[in-house]
Amino acid sequence: MEASPRKPTVVIVGRPNVGKSTLFNAITGTRRSIVGDEPGITRDRIHGTAAHLGRPFEVIDTGGIVPSDLELIPSEIFKQARVALDEAAHIIFLIDGRTEITGPDRELARLLKRLGKPVALAVNKIDATAREGLSHEFYELGFEHLFPVSAEHRRGLEELLDHVTAAFPASETPAEAVSHGSIRVAIVGRPNAGKSTLLNALAGAERAIVSPIAGTTRDAVDETVTHEGADYTFVDTAGIRRKGKTKLMAEKLSVVMARRHIRMASVVLILIDAVEGIAAQDATIAGYAHDDGKPVIVCVNKWDAHPDRNQKKFTEELKMQLKFLDYAPVLFMSARTGHGVNKLFRLIRDGYEESSRRVGTGELNRFVELLRVEPGVKLYYITQASVRPPTFVAFTDQRDLHFSAERFLANQLRKRFGFRGTPLVIKNRWKRNPR
């Protein structure tokens, strides 16, 4: 069997605390790098995989480098970074756009030039258009390709990755391989919706404290379960409360942690109390998961206690109040009795696999040929930029694509290729008419 060609490697370098880990997380769509305000948090190289416009590549987040300061940064980190730099197909030299050029910046610039590798200078923390002018002073470091970015707000990343990956080969693989590691699942919902009871039912053990008092779970509790050969790590987040009712610091922290676990999850289970019905807060919680691009399963819990058990009527009401979740499957269940709980495993697996689905360029080209968008809109072609969530770039003759056209494209992609349970992201790129 012929070995698959190695992916090109992109290495992120820079002095401590310029935002390398934040940029790594933004490019890979993961939270593998720890992000914090303390300089030098990242000590070793951290590897990840990503793709841009159908071009897969590896990303390496190096430890903070200060070439001449052995006391601040151990020599071993510099050696590890040097190994990564020697293997790099392209280097992103990240610099803090809110500070002046420092001695270590200049020293690192000289080192990178001697390597003879392609370098993109990314000036980070430029989080507003008005600040972009501040980035031009960094041209004095001697790099031709400079990109103002905000890794935290994902500003300027498309232009940066367009340049970095321009020479990388495109993948014709129709589906991206799905990791067979543990699928991380966040269980979220209003206090007392039954999250801890569901975790216990899934794990088959009294792992979480279950109580009729709303808000018993303060911290996140996790449990790894193996089902039909697949591993699932369930995280029971503390009940999310409305800001006005979150007075205790522990509860305020629980909101922050719940949102964090949604961001770190592969799949999100949104628990709705069937007896209390759908509340505005359910929509808010669902919005967190949707905005973070996570596959969602709506779990209507305590269905055995519902007065009329009319699933059709409840589903219609649900779809009316959570219109943006029209792609999400709905499961009526009872965590207390275990009814319907086993069906969750298959739904979670499906959602994860659908969010990891990659459609080949050839298939997308054939799809575009049969497609007729709104009158007056010319669609040249579509390419899939990334997965989790599946993200597509539509090249059109429009500077701004109307949201109805974006929704139409998303619906047609679902109709043709599936993507059940996962949000789709449609990005528009204006392409000048060749005539």
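The values are calculated or read from the model by the stated rules, or taken from the named source; none is laboratory data. This is a predicted model, so every value here is computed, not measured. In this analysis, Cβ positions are derived from the backbone assuming ideal geometry, glycine residues included, and neighbour counts consider all displayed protein chains. With ligands, DNA and RNA removed, areas are computed over all heavy atoms of the protein, side chains included. Shrake-Rupley method; radii C 1.70, N 1.55, O 1.52, S 1.80 Å.
Numerical summary
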read-out	value
R0 of 25 Å, Cβ-Cβ distance Arg366-Trp430: FRET efficiency to nearest 0.05	0.60
Calculated FRET value between Glu316 and Leu115, using beta carbons and R₀ = 35 Å, to 0.05	0.05
Restraint check, Lys323/Lys378; Lys378/Lys431; Lys294/Lys427; Lys378/Lys427, Cα-Cα greater than 20 Å	Lys323/Lys378
Inter-probe distance in nm under a simple model that places probes 7 Å from Cα toward Cβ, at Arg346 and Lys323	3.2
For segment 306-376, accessible area per residue (1.4 Å probe, heavy atoms of protein chains only), Å²	57
Tyr139 accessible area, 1.4 Å probe, all protein chains in place, Å² to nearest 10	100
Virtual paramagnetic centre 7 Å along Cα→Cβ of Phe395, amide N under 15 Å, in segment 139-164	162-163
Which of Glu107, Glu317, Glu228 is most accessible, then next, and so on - probe 1.4 Å	Glu228, Glu317, Glu107
Accessible-area value, Asp308, 1.4 Å probe, nucleic acids and ligands omitted, Å²	90
Using a Förster distance of 51 Å, the FRET efficiency for Tyr139-Thr337 (Cβ separation, nearest 0.05)	0.15
Stretchable slack from Ser182 to Gln281, in nm (0.36 nm times residue separation minus alpha-carbon distance)	32.7 nm
Segment Val83-Arg154, length gained on full extension (0.36 nm per residue, minus Cα span)	22.8 nm
Charge tally in the Cβ shell below 11 Å around Arg259, where Lys, Arg are +1 and Asp, Glu are -1, Arg259 excluded	0
